[in-house]
Amino acid sequence: MQDEPSGAALLDAARRALTEEVVPGLTGRPRYVALMVANAIGIAAREITEAERLSGAQAGVLAGEPVEGLVAAIRAGARDADPNLYAALETAAAAAGQVWKPASRGG
């Protein structure tokens, strides 16, 4: 059972309050720092929201293989034509992109 509001929703409310109520009254370095903090809060909120998708994407990339083994295989060119790895990496990149630089969300 999830308590409401969720941690991600609380972080998003804090980010909005910071950007809408505090930042407009700031200038110079304090404004920059406040915006940087708001960005970090947004990333953390999206990371919480996307945790399951990120975990699934990572599992798809690794497919039970240790990270070191996958890295070695990629460096050796052994997985260059692997459509399953390509699809898994594409899914993982999309999930990470939604956390770090979302196109359709504010913040």
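Near Gly56, within a Cβ-to-Cβ distance under 15 Å, what is the net charge of the other residues, with Lys and Arg +1 and Asp and Glu -1? The partial results should precede the final answer.
Values: positive: Arg53; negative: Glu47, Glu50, Glu52, Glu90.
Net local charge, Gly56 excluded: -3.
Mind jotting down a quarter of the surface of the convex hull over the alpha carbons of region 54-107, in square nanometres, one decimal?
Numbers: hull surface 17.1 nm².
So the Cα hull casts an average projection of 4.3 nm².
If you stretched the chain out fully between Glu90 and Ala40, how much longer would it get, using 0.36 nm times the residue separation minus the C-alpha to C-alpha distance? Mind dumping the intermediate values first?
Numbers: separation 50, 0.36 × 50 = 18.00 nm, distance 2.43 nm.
Separation in residues times 0.36 nm, less the Cα-Cα distance, equals 15.6 nm.
Since only Leu62, Leu26, Asn39 are under comparison, the one whose Cα sits farthest along the positive direction of the charge dipole of region 19-64, derived from C-beta charges on Lys, Arg, Asp and Glu, is Leu26.
What does the C-alpha gyration tensor say about the overall shape of the chain? Classify as rounded when a/c is under 1.5, otherwise prolate if a/b is larger than b/c, or oblate.
Details: a/c = 3.51, a/b = 2.13, b/c = 1.65.
In terms of gyration-tensor shape, prolate.
Just so you know, all these numbers are worked out from the coordinates, no wet-lab data involved. Since we're looking at a predicted model, the values are computed, not measured. In this analysis, Cβ positions are derived from the backbone assuming ideal geometry, glycine residues included, and neighbour counts consider all displayed protein chains.
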